[in-house]
Structure formats: structure tokens, C-alpha cells
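Presented below is the structure to which this report refers.
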Amino acid sequence: MKKELLYSGKAKDIFATDEEGVILAQYKDQATAFNGVKKEQISGKGRLNNLISSLIFEHLKDKGIRTHFIKQVSETEQLNEQVSIIPLEVVLRNVTAGSFSKRFGVEEGIELESPIVEFYYKNDELDDPFINDEHVAFLGIASAEEVAFLKEETRRINEVLKELFSEIGLRLIDFKLEFGRTKDGSIILADEISPDTSRLWDKDGQHMDKDVFRRGLGDLRDVYEVVLARLKERG
Ligand code: TMP
Ligand code: ASP
């Protein structure tokens with residue numbers, strides 16, 4: 001049973017439950033971009049991301065990746081193992097786009113010879129700055145061994161996700177992951193994986209992700225519905 005609100009984020013509310021060590025994530029009908037500067041209520045978005053994220057976590061589990069996902073409990077809610085979130089946004093890029101293209105002055109859509117992993121310090125007040133391994137150590141966020149694990153695990157997850165999306169006709173351009181520490185100190189995948197946290201391009205290069213909202217290209221629900229339908233169809 002859902003109990004007190006533990007944390008309210010931009011895309012999800014996190015509640016305690018009757019069960020020790022289990023939290024309930026309620027996905028919101030809210031879209032934000034540019035650290036909340038652009039914000040809109042979009043009815044149905046919470047459902048879409050909860051359902052998509054649940055299917056992806058299930059698939060990762062089948063492929064032997066440990067995640068915080070326990071089960072989907074309603075259209076907008078899922079149960080997750082409680083973890084202590086490591087304040088890093090771990091981004092993996094297969095293809096140039098977004099802030100990478102801006103930062104390095106390269107056009108979008110260039111396939112990288114090998115995927116690039118980046119870290120951002122998850123801190124809204126500082127606007128999630130781009131940081132490297134040495135900054136991670138300085139800030140005491142994670143040990144060198146943990147950083148090595150985060151990179152390796154992110155690359156492993158990339159292989160699984162790339163194949164999954166390719167099976168439904170989508171090109172995985174980049175994505176963002178968050179990890180958490182369990183009580184016993186192991187690090188597992190947490191947060192969500194959805195078109196909010198990844199870039200997915202259709203065969204013709206059409207944006208099938210939150211760039212539709214960030215760039216004002218249309219109604220994100222239309223493309224999220226397609227992503228969900230294709231994932232469901234795949235079974
Ligand atoms: P970026 O190109 O803006 O750095 O984004 C890289 C990937 O990370 C992209 O798939 C979107 C995702 N992302 C988030 O999930 N949350 C964020 O706050 C940002 C900035 C990006
Ligand atoms: N997470 C960002 C925000 O805080 C949105 C984005 O994905 O660009 O608004």
C-alpha cells in the first residue's frame with residue numbers, strides 16, 4: 001500500500017510503501033526541459049513513460065542486468081527497490097546529438113566510432129554540470145572502482161538497449177542512466193528508461209523522444225504512443 005510521499009521530482013513522485021525497502025514511483029503528467037525552465041502538463045504522459053519504462057526494465061532483467069524494478073502496479077505506478085541514488089547522470093552516446101553537438105560544434109547524426117560515456121553531476125542548483133572521473137573522486141560521489149563499474153555496466157546496458165530498439169525500428173542515439181546503492185552496497189540501475197531519458201530516431205530520422213517537446217516539434221504523446229505500441233507488439 002502507498003504511504004507517505006518521500007520525494008517529489010520533475011517527472012515522478014516517490015512514495016514509501018508497507019514493505020520495508022520497497023518504494024512506489026508514480027509517473028507524472030508533466031514534461032520539463034532545460035532544468036525545468038520549460039514546463040507543461042501533458043495528460044497521459046505519466047502512463048506512457050511508466051508502461052514503456054516497465055517493459056524496458058523487464059527486458060533488461062531478462063538479459064541479466066540488475067535493476068531496481070520490481071513490478072508495474074497501475075497505469076502510472078511501479079514498485080521499485082529502495083536505493084540511495086548516486087548523484088550522477090551517466091550519459092552514453094552512440095551518435096552525436098544534443099549537448100554533445102553543441103559543446104563540440106559537431107553536427108547531429110554522426111555515428112561515433114565507439115560509444116562515449118559522460119558524467120553529469122546531478123545537482124539542479126548547479127544545473128547538472130558536466131564532470132569527469134577526477135571530479136567524481138573530488139566530490140566523494142563514487143570510488144574509482146565504482147566509476148569503472150558504472151561505465152562498464154552502462155556499455156553493457158547500451159548493447160541490450162541498442163538491439164531492443166533496433167528490433168522495433170528505432171536508432172538509439174543516446175540515453176541517460178541513474179544508478180543507486182542497495183543496503184548491501186551493490187550498485188544497481190535505478191530511475192527510469194523512457195523516451196524522456198533517451199534519444200530515439202525513426203528510420204527517416206524522425207524524433208521519437210522528448211526532443212519533440214524540447215524543440216517544439218509536436219505532441220510528444222503521439223510519438224511515445226508509437227514507441228509503446230512497438231514495444232508491446234514485439235512482446
Ligand atoms: P544532452 O544531449 O542534452 O546532454 O542529453 C543526453 C541524453 O540524456 C538524452 O538522451 C536526454 C538525456 N537527458 C536526461 O535524461 N535528463 C536531462 O536532464 C538531460 C539534460 C538529458
Ligand atoms: N531533466 C531536464 C529538466 O530538468 C529535462 C531534459 O531532459 O532536458 O527539465
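Tabulated results
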read-out: Qualifying residue in the range 126-135 (condition: touching a helix residue (DSSP H, G or I) at 6+ places or on another chain (Cβ under 9 Å), surrounded by 13 or more Cβ atoms within 10 Å (Cβ to Cβ) and either in a helix (DSSP H, G or I) or of a type in the set (K, R) (or both)); value: yes
read-out: Of all residues making up the range 35-52, the number that are under 16 Å from the mean Cα position of the chain (by Cα) and hydroxyl-bearing (S, T, Y); value: 0
read-out: Scope the range 77-98; condition among the small types (G, A, S), within 9 Å of ligand 1 (Cβ to nearest atom) and closer than 16 Å to L177 by Cβ; matching residues; value: G98
read-out: Conditions (1) of a type outside the set (A, V, I, L, M); (2) open to solvent by 20 Å² or more (accessible area, probe 1.4 Å); (3) out of contact with any Leu (no Cβ under 9 Å at 6 or more places or on another chain); number of the one not met by F15; value: (3)
read-out: Residue list for the range 108-130, restricted to those being touching a residue at least 40 places away in the same chain (Cβ under 8 Å) and in contact with a Gly (Cβ under 9 Å, 6 or more places away or on another chain); value: G109, D124
read-out: Strands (runs of 3 or more DSSP E) lying entirely in the range 1-103 (those with 2 or more residues that are among the acidic types (D, E)); value: 77-81
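The values are calculated or read from the model by the stated rules, or taken from the named source; none is laboratory data. Given the structure is predicted, the values throughout are model-derived calculations rather than measurements. All Cβ positions, glycine included, derive from the backbone under ideal geometry; neighbour counts span all protein chains shown. Heads up: the accessible areas ignore ligands, DNA and RNA and are worked out on the full protein's heavy atoms, side chains in. Shrake-Rupley method; radii C 1.70, N 1.55, O 1.52, S 1.80 Å.
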